[in-house]
Amino acid sequence: MTSKETEIFNSSKCESNYEIECYVEKTLDVLGGKWSYLIIKHLFSGTKRFGILRKLLHNVNARSLTNCLRNLEEQEVINRKVIATVPVTVEYSLTDKGRDLKKIITSMYLWGEKWT
């Protein structure tokens, strides 16, 4: 266990294991949606329009994609930019909070590579 891991699990700041579980649950709420991880993964390479995201997700239902994007926006993981064109153009990009998820996703990838 690294010193940071030891600090997290033994810290007097954490009143109980519930507090640790709560932070893990909050993280999983962001990544755990059916399309959330894939949207975030595609946005690591830069800003994308709605139609491009839909194609990258193999033509996911527009309503499902919209709901997931709204959820990620509410959680301040992505930015939504509306450009006044005809028709309206909407672009999505990661916030600093969203870009910070790369560390977590990389760790999950390495764990999966090792154990699955």
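Sort out which residues of the range 29-42 are in a helix (DSSP H, G or I) and not charged (D, E, K, R), and write them in order of number.
Correct list: VAL30, LEU31, SER36, TYR37, LEU38, ILE39, ILE40, HIS42.
Return the only residue of SER36, SER45 being loosely packed, with under 14 Cβ neighbours inside 10 Å, modelled with pLDDT of 80 or more and under 18 Å from LEU94 (Cβ atoms).
SER45
Being in contact with a strand residue (DSSP E or B) (Cβ under 6 Å, 6 or more places away or on another chain), in a helix (DSSP H, G or I) and either over 20 Å from THR27 (Cβ atoms) or of a type outside the set (A, V, I, L, M) (or both) is the filter here; which residues of the range 55-92 pass it?
Passing the criteria: only GLU73.
Give the residue, chosen from THR106, THR47, that is closer than 21 Å to LEU31 by Cβ and over 14 Å from the mean Cα position of the chain (by Cα).
Going through THR106, THR47 in turn, just one is closer than 21 Å to LEU31 by Cβ and over 14 Å from the mean Cα position of the chain (by Cα): THR47.
Spot the failing condition for LYS81; the list is (1) of a type in the set (D, E, K, R); (2) touching a Phe, Trp or Tyr at 6+ places or on another chain (Cβ under 9 Å); (3) under 26 Å from THR106 (Cβ atoms), and only one is missed.
All conditions pass for LYS81, except number (3).
For the condition at pLDDT below 95 and surrounded by 12 or more Cβ atoms within 10 Å (Cβ to Cβ), what is the one hit in VAL88, VAL77, VAL30, VAL24?
After applying the criteria, what remains is VAL30.
Could we say that LYS97 is modelled with pLDDT under 95 and among the basic types (Lys, Arg) here?
In short, no.
Give me a count of the residues in the range 43-54 that are β-branched (Val, Ile, Thr) and either in contact with a Ser or Thr (Cβ under 6 Å, 6 or more places away or on another chain) or assigned to a loop (DSSP other than H, G, I, E, B) (or both).
The qualifying residues number 1.
So the check is Cβ under 7 Å with 6+ separation or different chains; which pairs have a first residue in the range 57-86 that's without any contact (Cβ under 8 Å) to a residue 60 or more places away in the chain and a second one that's small (Gly, Ala, Ser) and outside any helix (DSSP H, G or I)?
CYS68/GLY33; ASN71/GLY33; ILE78/SER93; ASN79/SER93
The values are calculated or read from the model by the stated rules, or taken from the named source; none is laboratory data. Computed from a prediction, not measured in an experiment: that's the story for all the values here. As a convention, Cβ positions derive from the backbone with ideal geometry for all residues, glycine included, and neighbour counts pool all protein chains shown.
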